[in-house]
1. What longest region of the chain stays clear of trypsin sites (Lys or Arg not before Pro) that DSSP places outside H, G, I, E and B and that have at most 16 other Cβ atoms within 10 Å?
2. Mind giving me the FRET efficiency for Ala8 and Cys103? R0 is 41 Å, r the Cβ-Cβ distance, nearest 0.05 is fine.
3. Find the Cα radius of gyration of the chain, compare it with 2.2 N^0.38 Å by division, and give the number to two decimals.
4. So for the chain, averaging the separation of alpha carbon pairs under 8 Å that are six or more residues apart and normalising by length, what relative contact order in percent results?
5. Specify the residue with the greatest mean-square fluctuation among Val25, Val47, Val93, computed from a Gaussian network of the chain linking alpha-carbon atoms under 10 Å apart.
6. Is there a quick way to get the dipole size of the chain? I mean about its Cα centre, with the Cβ of Lys and Arg at +1 and of Asp and Glu at -1; what is the value in debye to the nearest 20?
7. Write out the chymotrypsin sites (Phe, Trp or Tyr not before Pro) in the stretch 1-36 meeting two conditions: DSSP loop, and at most 15 other Cβ atoms within 10 Å of their Cβ.
8. Place +1 on the Cβ of every Lys and Arg and -1 on the Cβ of every Asp and Glu in the chain, take the dipole about the Cα centre, and give the residue among Thr21, Thr110, Leu50 whose Cα lies farthest towards its positive end.
Amino acid sequence: MALGKIKADTLEHSTAGSLDTQYVVNGSAKIWLQYNASHAIQGSLNVSSLADGGTGRGTISISSSMANDDYSLQYSDSCPGSVAVSGIRIISVATGTYATDSCNNSGSYTDGAINCTAVFGDLA
């Protein structure tokens, strides 16, 4: 059985209008990741591994590399009823990895209960 291709410049919905496919291609996350305080991955897309760099530190390895290191990266922490994270930093970015760390109000590294990250940009 042969596999086919769908080629379209516009997606159209019967009641919600139409959308240029470039918005979908360019506006979709190429990577997303959710992990817990133990650095156990809860869900992901295009992530090959998460290295625990110690308390509050982690390095994410990307399955399919980004085209360059100029991508947009979002990182958030949600700690309902547990450790409060006051600062989250992106430590380094490369086409195949990026690293983050997070600190509490005292400035000490801390692991958030639920950590989420997403990357927007072009795949290689």
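1. Numbers: sites that count: Lys5, Lys7.
My reading of the result: 8-124 is the longest stretch.
2. Working: r = 46 Å, r/R0 = 1.12.
Approximately 0.35, to the nearest 0.05.
3. Cα-based Rg divided by the globular estimate yields 1.29.
4. Averaging sequence separation for qualifying contacts and normalising by length gives 29 percent for the chain.
5. Between Val25, Val47, Val93, it is Val25 that shows the largest mean-square fluctuation.
6. 180 debye
7. Passing both the DSSP loop test and the Cβ count: no residue.
8. Leu50
Any read-out appearing in this document is the output of simple, stated calculations on the displayed coordinates, not a laboratory observation. What you are looking at is a predicted structure, and each value in this text was computed from that prediction instead of being measured. Every residue, glycine among them, receives a Cβ derived from its backbone with ideal geometry; neighbour counts consider all protein chains shown.
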